[in-house]
Amino acid sequence: MNKLKLCAIGLVLAGGLSAQSVQCHGYTKDTNECQNRTLDSTKLCYLHNPFYVKKVETESVICDGITKKGKSCKNKTKNDNGFCHLHQSQQYFYKIQ
Ligand SMILES: [Zn+2]
Ligand SMILES: [Zn+2]
């Protein structure tokens with residue numbers, strides 16, 4: 001539950017508050033309309049967007065988070081936002097400032 005909520009907040013932050021997802025204009029292999037939703041300006045989901053670049057495996061980095069003791073976290077993470085699983089909530093804290 002919580003994870004889903006965080007994910008939704010992340011999407012809103014990433015896409016801007018006014019962005020609304022639209023149904024993909026692509027067609028599935030059975031020539032049915034694709035039911036995926038997308039925020040992309042091409043109106044195609046990642047499955048149908050020829051410009052979609054699959055993310056390459058990222059190197060792990062040291063977490064940008066701050067521990068309860070006020071020290072920088074030493075955990076390594078592969079998360080895009082640079083925060084380990086313990087400090088996921090801190091990414092929003094920094095963005096708001
Ligand atoms: Zn699609
Ligand atoms: Zn951390």
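Read the figures in this text as sums done on the coordinates, not as results from a lab. Quick caveat, the model's predicted, so the values are computed rather than measured. Counting neighbours? That spans all protein chains shown, and the Cβs are built from the backbone with ideal geometry, glycine included.
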Exercise. State the number of residues belonging to region 48-64 that are surrounded by 10 or more Cβ atoms within 10 Å (Cβ to Cβ), farther than 25 Å from His85 by Cα and not hydroxyl-bearing (Ser, Thr, Tyr).
Key: 2
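Can you tell me which residues in region 40-69 are part of a loop (DSSP other than H, G, I, E, B), within 19 Å of Tyr92 (Cβ to Cβ) and not acidic (Asp, Glu)? Walk me through it before giving the result.
Pass one, region 40-69, residues part of a loop (DSSP other than H, G, I, E, B): 40-60, 63-65, 67-69.
Okay, now just the ones that are also within 19 Å of Tyr92 (Cβ to Cβ), so 63-65, 67-68.
Those that are part of a loop (DSSP other than H, G, I, E, B), within 19 Å of Tyr92 (Cβ to Cβ) and not acidic (Asp, Glu): Cys63, Gly65, Thr67, Lys68.
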